[in-house]
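J.: One structure, pasted below without further comment.
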């Protein structure tokens, strides 16, 4: 019986190996039967933080501006044709705006020439940079929606295509093929930024509430409101949050929206301030600093939770 079992498993193993070899041979034959154009693809990856054009509007100030004007792409050419046999690559861009240009048929699928790269590296690795002003200017006469104030509108979509020319004159035009591997998609993002500080916040004392109560503090509400002053980026805030110690004790906040830096100082010039930590979506923790001249010795810490549904900036400090 053992010899029969051995022969059975040997036959099964041989059959599996034969089928696997057939699959491999079929794949090899299929690859060899493809033209160089059909076998050619570009692998494109965006540099982190440089994936899309970004236009921002501050809800607080109504100012609008470019936040990211550059898309940076790492490109690798994969083809059965040697890279030394390639003459150039022409990159074309097509655009679409919501309820406007190229949103409904007939579509412009040819696009506009963005860049020509004539020196093809032997390793097939390229870097491609796209500038927002340049790309949007290319379609300025095509866009149907008003862009006098906002250069970017929600729904702006772009596709990057390529035409590769070999030294023998043959051409691979990705615009003639269907599928995501024959284009690279990116967007123009329009973002409205909620105000960071002028807002209403929930207050939760994590440490020091008992010390405040020992000096007669009351807590009429679990919310505070921070208001903007006449100076842009400057705000008035209750330094002790929702704790009332019988006298107004305000702090002045100066916020830099680009860096996230928030300078906090008590208006009496006693050296008091805030230290931020544990930024977690809608909440962050704040430790009172420089309290020696104001309060009883001890640790004072609160958690501020936004009530507008927006997250705290992750770079706030």
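J.: With the structure loaded, tell me whether residue 146 is touching a helix residue (DSSP H, G or I) at 6+ places or on another chain (Cβ under 8 Å) and either outside any strand (DSSP E or B) or modelled with pLDDT under 95 (or both) or whether it fails that test.
T.: The answer is no for residue 146.
J.: Could you please find all residues in the range 156-175 being exposed (fewer than 15 other Cβ atoms within 10 Å of the Cβ) and in contact with a strand residue (DSSP E or B) (Cβ under 6 Å, 6 or more places away or on another chain)?
T.: Hits for the range 156-175 are 167, 171.
J.: Could you grab me the full set of residues in the range 276-297 that are assigned to a loop (DSSP other than H, G, I, E, B) and closer than 15 Å to residue 196 by Cα?
T.: 281, 282
J.: Within the range 281-317, which residues are surrounded by fewer than 13 Cβ atoms within 10 Å (Cβ to Cβ) and on the phi > 0 side of the Ramachandran plot?
T.: Matches in the range 281-317: 281, 309.
J.: Could you check the range 35-63 and list, in sequence order, the residues that are out of contact with any helix residue (DSSP H, G or I) (no Cβ under 7 Å at 6 or more places or on another chain), part of a strand (DSSP E or B) and modelled with pLDDT of 90 or more?
T.: Once the filter is applied, which keeps residues that are out of contact with any helix residue (DSSP H, G or I) (no Cβ under 7 Å at 6 or more places or on another chain), part of a strand (DSSP E or B) and modelled with pLDDT of 90 or more, the range 35-63 yields 42, 43, 44, 45, 46, 54, 55.
J.: Please pick out the residue among 220, 265 that is at pLDDT below 85, part of a strand (DSSP E or B) and over 30 Å from residue 55 (Cα atoms).
T.: Of the residues listed, the single one that is at pLDDT below 85, part of a strand (DSSP E or B) and over 30 Å from residue 55 (Cα atoms) is 265.
J.: Counting just the residues of the range 298-317 that are within 19 Å of residue 225 (Cβ to Cβ) and assigned to a loop (DSSP other than H, G, I, E, B), which one comes out farthest from the chain's Cα centre (by Cα)?
T.: 307
J.: Tell me which residues, restricted to the range 176-199, are modelled with pLDDT under 90, surrounded by fewer than 16 Cβ atoms within 10 Å (Cβ to Cβ) and touching a strand residue (DSSP E or B) at 6+ places or on another chain (Cβ under 6 Å).
T.: 191, 192
J.: Of the residues that sit in the range 129-155 and are exposed (fewer than 13 other Cβ atoms within 10 Å of the Cβ) and in contact (Cβ under 8 Å) with a residue 60 or more places away in the chain, which one is farthest from residue 67 (Cα to Cα)?
T.: Applying the filter and picking the extreme gives 149.
Let's see how each residue does on (1) exposed (fewer than 14 other Cβ atoms within 10 Å of the Cβ); (2) in contact with a helix residue (DSSP H, G or I) (Cβ under 8 Å, 6 or more places away or on another chain):
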| residue | (1), (2) |
| --- | --- |
| 91 | no, no |
| 96 | no, no |
| 100 | no, no |
| 106 | yes, no |
| 122 | yes, yes |
| 127 | yes, no |
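The values are calculated or read from the model by the stated rules, or taken from the named source; none is laboratory data. None of the values given here were measured: they were computed from a predicted structure. A quick note on method: Cβ atoms are made from the backbone with ideal geometry, for glycine too, and the neighbour counts reach across all protein chains shown.
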